[in-house]
Amino acid sequence: MSDLTTLLDRNLAFAEQFDAGDLPIRPRMSTFILTCVDSRVDPVHLFTLGLGDAIVIRNGGGWITPAVLRDLAILGVLATNLPGASQQPELIVIHHTDCGMGRLANPTIQQQVAKRLGLTVDEVAAMAITDPTATVRDDIERLRQTPGTPAQLVVSG
C-alpha cells in the first residue's frame with residue numbers, strides 16, 4: 001500500500017467525523033507561527049493547537065523569506081491594524097536544533113545545491129542553520145528592518 005492510499009483513507013475517516021465546517025476564517029488566536037517543514041517540529045503538537053486556533057506557515061528552515069513576507073502582508077499581519085482582531089497580532093518564528101538546513105554548512109553540499117538552484121555558494125551557505133538561536137534572532141531583526149512592518153507587531157522566537 002502506498003502512502004497516498006494511507007493518507008486518503010485517513011482523510012476519508014477525518015471527513016466522516018468532521019463537524020467544524022462552521023469555523024470562521026479568522027483563527028481564534030491572533031498568533032501566526034512560522035516554522036520549518038521538518039515533520040518532527042509540528043506546531044499542532046508543540047502547542048496542542050486545534051483546528052482554527054492559529055495560522056501556521058512552514059518552509060525549509062522556518063526563515064523569513066520574501067514569500068513569507070508576502071503571505072504575512074496578505075494576511076494583514078504587516079498592516080498597522082488587523083481589522084476585526086481582538087488583540088495585537090503576534091508572530092512566532094521557530095528554528096530548531098538538528099535542522100536539515102544545517103547540512104548547507106557543508107562545502108560539498110553547498111556546491112551541489114548552488115549548481116542545482118542556480119545560486120552562488122555564498123547564497124546557499126547563508127541558508128544554513130547551524131545555530132537556531134542566532135538565526136531566529138537574525139530573522140526577527142530582518143523582519144523589523146522590512147519596510148512597512150508595524151512597530152507594534154509582537155515578534156517572538
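Which peptide among 133-144, 37-48 comes first, and what is the full order, when sorted by highest mean count of other Cβ atoms within 10 Å? Walk me through the intermediate numbers first.
On the way: 133-144: 16.1, 37-48: 13.1.
Top to bottom by mean Cβ count within 10 Å: 133-144, 37-48.
Would you mind telling me the share, in percent, of accessible area of region 1-69 contributed by carbon and sulfur at probe 1.4 angstrom? Walk me through the numbers on the way to the answer.
Details: 2800 of 4620 Å².
Answer for region 1-69 is 61 percent, counting heavy atoms of protein chains only.
Work out the FRET efficiency for residue 116 and residue 5 from their Cβ-Cβ distance, taking R0 = 22 Å, and round it to the nearest 0.05.
Details: r = 31 Å, r/R0 = 1.40.
It comes out at approximately 0.10.
Using modelled backbone amide H atoms (1.01 Å from N, in-plane), which distant-in-sequence or interchain residues come within less than 5 Å of residue 92's amide H?
Residues meeting the amide H criterion: 32, 33, 34, 156.
Tell me the per residue accessible area of the chain using a 1.4 Å probe; a whole number in Å² is fine. Could you put the intermediate results ahead of the total?
Values: 9960 Å² over 157 residues.
For the chain, the per-residue accessible area is 63 Å².
Stretch residue 59-residue 17 to full length: gain in nm at 0.36 nm per residue minus the Cα-Cα span? Display every interim value, and only then the final one.
Numbers: separation 42, 0.36 × 42 = 15.12 nm, distance 2.96 nm.
Using 0.36 nm per residue and subtracting the Cα-Cα distance, I get 12.2 nm.
How far is it, in nm, from the label point at residue 45 to the one at residue 130 when both lie 7 Å from their Cα along the line to the Cβ?
2.9
Name the long-range amide H neighbours of residue 62: under 5 Å, sequence gap of 5 or more, or other chain; modelled H, no Pro or chain starts.
36, 37
Let me check I've understood the local charge: for residue 62, count other residues with C-beta under 14 angstrom from its C-beta, Lys and Arg +1, Asp and Glu -1. What total comes out? It would help to have the intermediate numbers written out before the result.
Working: positive: 40, 58, 137, 142; negative: 38, 42, 71, 98, 131, 138, 139.
My count for the surroundings of residue 62 gives -3.
What does the charge count near residue 127 come to, summing +1 for each Lys or Arg and -1 for each Asp or Glu among other residues with Cβ under 14 Å from its Cβ? The partial results should precede the final answer.
Values: positive: 103, 116, 142; negative: 122, 123, 131, 138, 139.
Result for the local shell: -2.
Can you give the local net charge around residue 154? Use residues other than it whose beta-carbon is closer than 14 angstrom to its beta-carbon, Lys and Arg +1, Asp and Glu -1.
On the way: positive: 144; negative: 90.
My count for the surroundings of residue 154 gives 0.
Hey, could you grab the Kirkwood Rh for region 37-134? Inverse mean 1/r over distinct alpha carbon pairs, Å, one decimal. Walk me through the numbers before you get to the answer.
Numbers: mean 1/r = 0.0644 Å⁻¹.
Kirkwood radius, region 37-134: 15.5 Å.
Can you compute 3J(HN,Hα) from phi for each residue in region 107-117, using the Karplus curve 6.51 cos²θ - 1.76 cosθ + 1.60 with θ = phi - 60°, rounded to whole Hz and x for Gly and Pro?
Karplus-based 3J(HN,Hα) across region 107-117 equals x, 5, 5, 4, 5, 5, 5, 4, 5, 5, 9 Hz.
Determine the shape class of region 80-157: with a ≥ b ≥ c the square roots of the Cα gyration tensor eigenvalues, call it rounded for a/c under 1.5, and otherwise prolate if a/b is greater than b/c, oblate otherwise. Walk me through the numbers before you get to the answer.
On the way: a/c = 3.25, a/b = 2.28, b/c = 1.42.
In terms of gyration-tensor shape, prolate.
The values are calculated or read from the model by the stated rules, or taken from the named source; none is laboratory data. None of these values were measured; they are calculated from a predicted model. Don't worry about glycine lacking a Cβ; one is built from the backbone with ideal geometry, like all the others, and counts go over all protein chains shown. Please note that ligands, DNA and RNA were not included when accessible areas were found on the heavy atoms of the full protein model with its side chains. Shrake-Rupley method; radii C 1.70, N 1.55, O 1.52, S 1.80 Å.
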